[in-house]
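*Asks:* Below is one structure. I have some questions about it.
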Amino acid sequence: MRYFIELSYNGGLYHGWQNQPNALTVQETLEKGLSVLLDDLISIMGAGRTDAGVHAKQMFAHFDTEKTFNTSNLVFKLNSFLKEDIAIKRIFRVKHDAHARFDAISRTYLYRISLKKDVFGYKSAYYVKQNLDIDKMKKASKILLDYKDFQCFSKTNTDVKTYYCNIMRADLSLNGEELQFTIQADRFLRNMVRAIVGTLINIGLGKLEVLDMHSIIKSKNRSEAGFSVPAHGLYLIDVDYPVEIKYINE
């Protein structure tokens with residue numbers, strides 16, 4: 001039987017989602033908890049692979065087991081077993097071929113930029129001291145919707161077959177003293193969102209012009225784009241699935 005898990009986590013102490021040798025990851029931590037509580041060797045597949053230090057307000061993963069259990073009880077036990085930086089929201093049974101990664105329609109990320117020094121929030125948003133031209137940054141963000149190939153924003157030497165991504169949304173908004181960049185796409189390349197935000201910041205600082213975004217994307221060259229902003233300001237906030245997967249009940 002296959003189950004989906006909906007969870008959230010603070011990625012500050014983890015070396016990303018995916019299992020890695022000699023490094024603490026969210027996947028490993030969750031697999032250990034499930035294996036102990038179900039008395040079964042559990043492996044899980046996540047909807048994505050967040051990098052070290054990146055957070056998730058909503059993540060999905062799936063696992064298979066022949067063990068029988070009450071999903072509500074398992075949620076309670078798993079939350080008690082795990083540390084405070086991982087929270088299980090729900091566990092629900094799905095079709096045997098439902099896939100947390102491949103069945104996802106889109107993923108949405110949020111990047112938070114603090115425009116004011118915040119002694120309480122400095123670990124959750126990237127503080128930019130200089131004044132930013134937000135209007136220029138907004139205009140540049142909309143240029144992203146005109147393209148599909150985003151090799152210029154991808155981490156180099158990655159094993160991917162295509163750099164094509166369908167960006168459905170790219171919004172920049174001011175929320176009090178915080179600038180928030182929200183981007184939705186069918187898939188993302190490694191380091192893509194952080195490189196986009198770094199490029200937008202350079203435009204906001206006047207180091208680049210709005211129309212430079214066109215030439216940067218067309219170059220397909222990572223060195224043409226901006227710096228990679230720190231991981232602690234990045235959040236996976238939504239993973240969307242077909243209704244029959246996401247909202248199925250036992």
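The values are calculated or read from the model by the stated rules, or taken from the named source; none is laboratory data. The shown structure was predicted, so the numbers you read here are calculated from the model rather than taken from an experiment. Virtual Cβ from ideal backbone geometry, glycine too; neighbours counted across all protein chains shown. When the accessible area is computed, the model is the full protein with side chains, heavy atoms only, and any ligands, DNA or RNA have been set aside. Shrake-Rupley method; radii C 1.70, N 1.55, O 1.52, S 1.80 Å.
*Asks:* Of all the strands (runs of 3 or more DSSP E) wholly in the stretch 75-180, which have at least 3 residues that are open to solvent by 30 Å² or more (accessible area, probe 1.4 Å) and more than 25 Å from GLU6 (Cα to Cα)?
*Replies:* The strands (runs of 3 or more DSSP E) meeting that bar are 167-175.
*Asks:* Right, another one. So which pairs qualify, if the first residue must be in the stretch 74-95 and in contact (Cβ under 8 Å) with a residue 40 or more places away in the chain and among the charged types (D, E, K, R), the second must be in a helix (DSSP H, G or I) and open to solvent by 20 Å² or more (accessible area, probe 1.4 Å), the Cβ gap must be under 6 Å, and the two must be at least 6 apart or on different chains?
*Replies:* Once the first residue is in contact (Cβ under 8 Å) with a residue 40 or more places away in the chain and among the charged types (D, E, K, R) and sits in the stretch 74-95, its partners that are in a helix (DSSP H, G or I) and open to solvent by 20 Å² or more (accessible area, probe 1.4 Å) give LYS77/LEU37.
*Asks:* Turning to a different aspect of this structure: Being among the acidic types (Asp, Glu), at pLDDT 95 or above and farther than 18 Å from TYR9 by Cβ narrows it down to one of ASP64, ASP97, so name that one.
*Replies:* ASP64 is the lone residue from the list that is among the acidic types (Asp, Glu), at pLDDT 95 or above and farther than 18 Å from TYR9 by Cβ.
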